[in-house]
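For reference, the structure discussed in these notes is given below.
The values are calculated or read from the model by the stated rules, or taken from the named source; none is laboratory data. All values derive from a computational prediction rather than experimental measurement. Glycine also receives a Cβ, built like all others from the backbone with ideal geometry; neighbour counts cover every protein chain displayed.
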Amino acid sequence: MAQQQTTNYYVPAQSYWPIVGAIGLLFIAIGAGTTVQQIGSEASSGSWMLTIGIVIIIAMMFGWFNDVIVESDKGLYSAQMDRSFRQGMSWFIFSEVMFFAAFFGALFYVRTIAIPWLGGASNNVMTGQILWPDFEAVWPLVTTPAGDTTTAMGWQGLPLANTIILLTSSITLHIAHKGLEENNRKKLTALLAITVLLGVAFLVLQAEEYVEAYRHMGLTLSAGVYGNTFFLLTGFHGMHVTIGTIMLFVMLWRVLKGHFTPERHFAFQATSWYWHFVDVVWLGLFFFVYIL
Amino acid sequence: MQKIIIIIAAMSTVVFTGAALGTSSVNLTQGVTDISQRVYDLHMVILTICAIIGLVVFGAMLYAIINHRKSKGATAAQFHESTKVEVLWTVIPFFILIGMAIPATTTLIEMEDNSAADITIKITGSQWKWHYQYFEHDFGFYSLLATPQEQIQNVSTKGENYLLEVDKPLVIPTNKKIRFLITADDVIHSWWVPAFAVKQDANPGFINEAWTRVNEPGIYRGQCAELCGKDHGFMPVVVRALPQEEYDAWLSAQLQHVAKEKQEEQQALASTLTMEESMALGEKTYIARCAACHQVGGEGIAGAFPKIKGSPIALGDVGAHIDVVVNGKPGTAMQAFANQLSAKELAAVITYERNAWGNNTGDIVQVSDVKPEAK
Amino acid sequence: MNTASATQDEHEIEHDHKPKGLMRWVLTTNHKDIGSLYLMFSFLMFLVGGAMAMVIRAELYQPGLQIVEPNFFNQMTTVHGLIMVFGAVMPAFTGLANWLIPMMIGAPDMALPRMNNWSFWILPMAFSILLASLFMEGGGPNFGWTFYAPLSTTYSPDSTALFVFAVHIMGISSILGAINVVVTIVNMRAPGMTYMKMPLFVWTWLITAFLLIAVMPVLAATVTMVLTDKYFGTSFFAAAGGGDPVLFQHIFWFFGHPEVYIMILPSFGIISAIIPAFSRKKLFGYSSMVYATASIALLSFLVWAHHMFTTGMPVAAELFFMYCTMLISVPTGVKVFNWVATMWRGSLTFETPMLFAIAFIVLFTIGGFSGLMLAITPVDFQYHDTYFVVAHFHYVLVTGAIFSIMAACYYWLPKWTGHMYDERLGKMHFWASVISVNVLFFPMHFLGLAGMPRRVPDYALQFADFNQLVSIGGFAFGLSQLIFLVVLIKCARGGKKAPAKPWEGSEGLEWNMPSPAPYHSHTTPPEIK
Ligand code: HEA
Ligand code: HEA
Ligand code: CUA
Ligand SMILES: [Cu+2]
């Protein structure tokens, strides 16, 4: 790769956006921290700060990406620059994979080690006998060692529907991408729009599932490790779907404005990678959280 | 450069003389169990191997530093890369490691063999004390730091066993395999007695096991070895190992004592405490057991431990106050004191909290108030 | 071939024409400016973290409680560890990477310059929050830099949420910085700069950046679980709900162990540049160094539970982690032997960078030996959570990581500032440091072996003498660092002009550039052999 020519590597001049982004993160961190501390109290300064932070970050994204788009349109970016972006995005997705891996790791640990040990397995015979004599080590953990009960979420129904929706959306997005590469704008627009709709549909169903869990199943975030892992994994995944859907929507909007060429469409490419990644994570979730 | 040599030489001398001293204050203890002796031997073997490798490596470096310096007219040789050498210095360390791993493995396997114990003792850590339960008997007690605050605050001179003394040490017989079941009530603690080479984390909600067989009678001191909050440094472990007969005598005396205490408790139920009596006992209990968190003046530590002085709970409903102290608040550092204090102490400490530092409620809590079920 | 900016008129104007004033630093996209910012920030954090260490040492000067309350002592220990690890060592390496990697591989700048600025400016924000939390009601984080649950969840101070989010944004900064480094190295090398021609500093950083991207997200997940356990009623780390406090330790150390290698691999790169330069001899085994670094990185994912031998894992797991940990000595040994072989029959001179590099080899190896001793599970039962561990990691971190950073500063200062530093002061700094640092940390081994636990504000009387000695060493080492500050300021403001290549034996593209290096590096890709 090094052998490829190093031509016209564009080094942007000074930019306001990074410092704006750093300030945005400052507000988000303080705001989120304070919000959490203020749970159950009247005070709301935290959520205000958090909101301001999020607004700043959104503004930064628009400004920053706009600069990038303008520069790209001016033809300042070489193929090498494009590669930098692509590699950067791939590594970013790798870091996201590791983030999910930690939660999956927690899930596996709880299922194969913590719960059996609480039930007296391995070198923890006395743990089971003395501390938790009534505890039954099963998964899904519908009765915690402390005795709280909940219900497990089945995989049929909504989760299955959601799996089909996400898988379909990956395919539609792929066809849209093909359309872009063939310079078939109609195909691109239509299938991209369908993908966005599928993303939204997924989120709606997911929300319904949560409502169902909270209202009727007694399955809550605090319902022992089953609920913990369920909500944190599906929750963070849902958050990523939300971001992905927004990104797709922005792509759709840009497509409608006539952006992207068959050769140059890094943003589109990055979004589609992201979407496929979110999809793969879901498959893992569907398998390990719902079915097994 | 010579200085480096001197430093290294000085260090290695220190290490080796230290090692020679054996039980000195610069080296690991050999302890009083077969296991601790094996651990010590393992430690010395590895230390020696490392020291020898160190001498070879640093020696070569030193030679180069002294003889291959430019100021002595050395010109640089051109050699580099030699697969032969590279393989050698990969393979040799590898075999040295295998040499270390073998004794380590056998020792470890023996240390982890908790079967066939003669006596089982359940050890529970909580902020900041140890509880010992003699499993075969319905008998257990708390063991707390005995060093007075004045010594810690440098007001009075420090005793010989400063910070390493407790009110009631764990007592075990010698030459018996003692199995420890180790757990915790709140955060993670770690039960450690260097002389036994036993260090085992006390994890809340789980029971870890360890064992020892002490060869020599004596008093052995250790400390909590896992950061467990503010007073982690003030949570010593003291074990008295007694010959079997003495141990038996001690145990039966203890069991009698427990029976007597139970009786007294019954009698106390009927008695009425006076304000004076309550305040005296209450203050003593408060300083010993509550002041670590709520502070001597009852002012607490903002953001961590609530104040009692002027607090709604101490000035308000007595029932709620009793409930907090007796049953604790699950999921917080406020533990249930029902089994830690006698009913009389409980009553007294609550009375104290309700009448000290300007909390002048005038309430006197009676033993029967804290133990209504026993009426 | 065109230059990076010659085709761009509007960009041309900025070329070699530094913007002035404060805004230059706030808005910059230049890798050298950002590198300097990182280095200055890191030094500031070193002073702050060092000041906390001084509080620790002052309290431990004598038995008894003199200066601070136990709770505040714990906050000092915790924040000292956090600041030194995340605020001093890591940003220093990132700063060096920023300054050096583009110059070393013949690139015009970092691959993603705006993101580079962003990743820097997140850091001051994160550390302001962390430091501010010390002043909150209930105090700042007091649960050790390893924040074991449930001490950090159910039993932690109110400010824990701020700690969590500070770590979150700090992690974002590290990940972005690491992505930038990887992309720069993979994509921006000048024609002819093949992987096996890259300087070792670049190699070690490539691997470090990979480790960072792999484990920083795991840290983020850990703090997230702490957050939900404390504030949202989850029980990942509570047995009553089916969780396990030891799960916390597994996840933390899955991050934590690679993290400690993140703090040493770039040092290996630095030392591998300096030792050949002042031995006037090629590095003995370049490719084996590369493979050794990669092996260390891979093994680092398999050893995390050596921090957890006393947690009650089954014996098979203990053995597995013991063996893997011991294995790391082999590739690390390859490195040490290589450096010695490089010095062997060289033509040595002893300028300050070389002095620090030699001290690094000796003292890091001592730290490595104690690491190997800690890896032996049955003996670790005795060492664990004592000052023996504290001695181990300060040898690898202070006389390892920090010494290598100082060596790097002396070595590349002429390139950065265009002036030679004051060699006399540099030597003074070295000797003062190397002597005091051993007085500071060597007796800690004895304290640990004799049974002094770590993270205690007070101790039994038999530990008094050594603690006093350690504290004296500590104050002396702290004061010695003020000499370094003077050297840096003097060198930045003036001094003998430095030639393009001030060191006779040094190799690498950066020495082909004038000193100080021009504002924009390699506007034309350089010729590579
Ligand atoms: C830069 C940071 C760094 C580095 C490089 C290392 C390197 C090593 N560390 Fe260390 N370690 C820490 C930072 C680091 N560590 C920290 C911060 C902690 C404490 C965390 C906390 O609890 O707060 C810690 C704790 C720690 C523990 C846990 C102790 C405990 O809490 O009980 C262990 C146990 O195995 C360990 C082992 C090792 C080993 C085997 C190495 C090896 O990589 C060392 C290899 C090097 C050599 C061995 C020397 C050179 C080799 C030769 C000359 C070849 C020939 C040698 C032989 C064959 C013997 N470390
Ligand atoms: C790279 C990391 C790094 C570095 C550089 C250091 C540097 C130092 N560290 Fe520490 N340390 C850690 C990482 C590091 N440390 C970690 C991870 C822990 C574990 C935390 C935990 O348990 O959670 C720890 C814990 C730790 C302890 C144990 C605390 C405990 O268990 O309670 C001690 C005790 O002596 C200590 C001391 C020191 C000292 C004296 C220095 C010195 O080298 C510092 C020297 C620098 C200065 C002093 C600043 C410069 C000078 C001035 C500002 C001028 C003013 C000077 C004077 C007034 C004299 N450190
Ligand atoms: Cu209990 Cu530390
Ligand atoms: Cu480690």
**OP:** For the stretch C:435-471, name all the residues that are buried (at least 23 other Cβ atoms within 10 Å of the Cβ), of a type in the set (Val, Ile, Thr) and within 8 Å of another protein chain (Cβ to nearest Cβ).
**Re:** C:Val456
Original post:
Here are some residues: B:Trp250, B:Trp191. Which one is surrounded by 20 or more Cβ atoms within 10 Å (Cβ to Cβ) and either at pLDDT 95 or above or assigned to a helix (DSSP H, G or I) (or both)?
Top reply: B:Trp191
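Out of the residues in the stretch B:265-295 that are assigned to a loop (DSSP other than H, G, I, E, B) and touching a residue at least 60 places away in the same chain (Cβ under 8 Å), which is surrounded by the most Cβ atoms within 10 Å (Cβ to Cβ)?
B:Leu273
Right, A:Thr229: buried (at least 16 other Cβ atoms within 10 Å of the Cβ) and more than 24 Å from A:Arg86 (Cβ to Cβ) or not?
Criteria met by A:Thr229.
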Original post:
Among the numbered criteria (1) among the hydrophobic types (A, V, I, L, M, F, W, C); (2) more than 13 Å from ligand 4 (Cβ to nearest atom); (3) under 30 Å from A:Thr220 (Cβ atoms); (4) part of a helix (DSSP H, G or I), which single criterion is violated by C:Phe255?
Top reply: (2)
**OP:** Kindly check whether there is at least one residue in the stretch C:72-80 that is surrounded by fewer than 20 Cβ atoms within 10 Å (Cβ to Cβ) and away from ligand 4 (no atom under 16 Å from the Cβ).
**Re:** yes
**OP:** Give C:Phe393, C:Phe356 a once-over and let me know the one that is at negative phi, at pLDDT 95 or above, within 8 Å of ligand 1 (Cβ to nearest atom) and more than 7 Å from chain B (Cβ to nearest Cβ).
**Re:** C:Phe393
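Yes/no matrix, rows are residues, columns are (1) under 19 Å from A:Val289 (Cβ atoms); (2) surrounded by fewer than 19 Cβ atoms within 10 Å (Cβ to Cβ); (3) among the polar types (S, T, N, Q):
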position	(1), (2), (3)
A:Val196	no, no, no
A:Leu205	yes, yes, no
A:Gly224	yes, no, no
A:Gly235	yes, yes, no
A:Val241	yes, no, no
A:Thr245	no, no, yes
A:Val250	no, yes, no
Original post:
Among all residue pairs at least 6 apart or on different chains, which show Cβ distances below 6 Å where the first residue, located in the stretch B:75-103, is within 9 Å of chain C (Cβ to nearest Cβ) and the second is of a type in the set (A, V, I, L, M, F, W, C) and assigned to a loop (DSSP other than H, G, I, E, B)?
Top reply: B:His80/C:Phe284
Original post:
Going by the structure shown, is C:Lys197 among the basic types (Lys, Arg), in contact (Cβ under 8 Å) with a residue 40 or more places away in the chain, within 14 Å of chain B (Cβ to nearest Cβ) and surrounded by fewer than 24 Cβ atoms within 10 Å (Cβ to Cβ)?
Top reply: no
Original post:
Within the stretch C:355-421, which helices (runs of 4 or more DSSP H) (wholly inside it) include 3 or more residues that are more than 14 Å from ligand 2 (Cβ to nearest atom)?
Top reply: C:377-383, C:403-417
**OP:** Could you please find all residues in the stretch C:313-344 being outside any helix (DSSP H, G or I) and either among the β-branched types (Val, Ile, Thr) or within 16 Å of ligand 3 (Cβ to nearest atom) (or both)?
**Re:** C:Ile328
**OP:** Find the residue count for the stretch C:392-433, including only residues that are away from ligand 4 (no atom under 16 Å from the Cβ), under 30 Å from B:Thr29 (Cα atoms) and surrounded by fewer than 24 Cβ atoms within 10 Å (Cβ to Cβ).
**Re:** 1
Subject >> When residues of the stretch B:193-245 are limited to those that are in contact with a Lys or Arg (Cβ under 7 Å, 6 or more places away or on another chain) and free of Cβ contacts under 8 Å to residues at least 60 places away in the same chain, the one farthest from the other protein chains (Cβ to nearest Cβ) >> reply: B:Ile219
Subject >> Filtered residues of the stretch B:82-128 (kept if away from ligand 1 (no atom under 16 Å from the Cβ) and acidic (Asp, Glu)) >> reply: B:Glu110, B:Glu112, B:Asp113, B:Asp118
**OP:** Kindly list the number of the only condition in (1) away from ligand 3 (no atom under 16 Å from the Cβ); (2) in contact (Cβ under 8 Å) with a residue 60 or more places away in the chain; (3) among the aromatic types (Phe, Trp, Tyr) that fails for B:Tyr162.
**Re:** (2)
**OP:** Consider C:Val379 carefully, then state whether it is free of Cβ contacts under 8 Å to residues at least 24 places away in the same chain, within 12 Å of ligand 1 (Cβ to nearest atom) and not hydroxyl-bearing (Ser, Thr, Tyr).
**Re:** yes
Original post:
Restricting attention to the stretch C:281-290, does a residue exist that is surrounded by fewer than 22 Cβ atoms within 10 Å (Cβ to Cβ), within 16 Å of ligand 4 (Cβ to nearest atom) and aliphatic (A, V, I, L, M)?
Top reply: no
Original post:
Within the stretch C:58-69, which residues are surrounded by fewer than 21 Cβ atoms within 10 Å (Cβ to Cβ) and either out of contact with any helix residue (DSSP H, G or I) (no Cβ under 8 Å at 6 or more places or on another chain) or assigned to a helix (DSSP H, G or I) (or both)?
Top reply: C:Ala58, C:Glu69
